[in-house]
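Here's the structure we're looking at; comments come further down.
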Amino acid sequence: FYHSQGQENSGYVTEDFLRGIAGEVAGLDVARTMKTAPSGDQAIADAQTEADRFGISSTPSFTVGPTGGRQRVLQVGSLEPAEFTAALDKAIAKR
């Protein structure tokens, strides 16, 4: 997705764009995935609501927490796997 992204806020994320990205994932049933995904406008509104709730204003950003439970922003210093491992291990230990 990030490799193929367009200019921010340009509206490049269309259904055709998402179908193209999904089609590059080996073994993914694109038709089923697109059928069960929320509508574009609703997905964007939901994502914006969540971002506002957490004070997130940049991408990529991540939250962590139990399914259906309280989430918190995952703080990492870089996008290196070790950063995520350390942050996730810390979040799990707090549980």
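Evaluate the stretch 33-56: report whether one residue or more is β-branched (Val, Ile, Thr) and more than 17 Å from the chain's Cα centre (by Cα).
no
Which residue is least open to solvent (accessible area, probe 1.4 Å), if the candidates are limited to the stretch 5-28 and must be under 15 Å from the mean Cα position of the chain (by Cα) and modelled with pLDDT of 85 or more?
ALA22
Which one is nearest to PHE1 (Cα to Cα) among residues in the stretch 60-70 that are under 14 Å from the mean Cα position of the chain (by Cα) and not aromatic (Phe, Trp, Tyr)?
PRO60
Take the residues of the stretch 40-71 that are modelled with pLDDT under 85 and more than 28 Å from GLY20 (Cβ to Cβ): which is most open to solvent (accessible area, probe 1.4 Å)?
So, considering only residues that are modelled with pLDDT under 85 and more than 28 Å from GLY20 (Cβ to Cβ), the one most open to solvent (accessible area, probe 1.4 Å) is THR67.
For (1) hydrophobic (A, V, I, L, M, F, W, C); (2) touching an Asp or Glu at 6+ places or on another chain (Cβ under 7 Å), each residue gets a yes or a no:
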| position | (1), (2) |
| --- | --- |
| ALA22 | yes, no |
| ASP29 | no, no |
| ASP41 | no, no |
| GLY69 | no, no |
| VAL76 | yes, yes |
| GLU80 | no, no |
| ALA93 | yes, no |
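Would you tally the residues in the stretch 72-95 being surrounded by 13 or more Cβ atoms within 10 Å (Cβ to Cβ) and either in a loop (DSSP other than H, G, I, E, B) or of a type in the set (Ser, Thr, Tyr) (or both)?
2
So, in the stretch 4-52, how many residues would count as being assigned to a helix (DSSP H, G or I), β-branched (Val, Ile, Thr) and more than 25 Å from VAL73 (Cβ to Cβ)?
4
Which pairs have Cβ atoms under 6 Å, sit 6 or more apart or on different chains, and link a residue in the stretch 66-95 that is more than 15 Å from PHE54 (Cβ to Cβ) to one that is not in a loop (DSSP other than H, G, I, E, B)?
GLY77/GLU83
Given the options ALA31, ALA37, name the one that is at pLDDT below 85 and open to solvent by less than 90 Å² (accessible area, probe 1.4 Å). It would help to see each step written out before you state the result.
Values: ALA31 fails: at pLDDT below 85.
Sole residue among the options that is at pLDDT below 85 and open to solvent by less than 90 Å² (accessible area, probe 1.4 Å): ALA37.
Could you give every pair whose Cβ atoms fall below 8 Å, whose first residue belongs to the stretch 28-42 and is free of Cβ contacts under 8 Å to residues at least 60 places away in the same chain, and whose second residue is open to solvent by 80 Å² or more (accessible area, probe 1.4 Å), counting only separations of at least 6 or pairs across chains?
VAL30/ARG19; MET34/GLU15; MET34/ARG19; GLY40/GLU15
The values are calculated or read from the model by the stated rules, or taken from the named source; none is laboratory data. Note that the structure is a prediction, hence the values are computed from the model and not measured. In this analysis, Cβ positions are derived from the backbone assuming ideal geometry, glycine residues included, and neighbour counts consider all displayed protein chains. Side chains included, ligands, DNA and RNA excluded: accessible areas come from the protein's heavy atoms. Shrake-Rupley method; radii C 1.70, N 1.55, O 1.52, S 1.80 Å.
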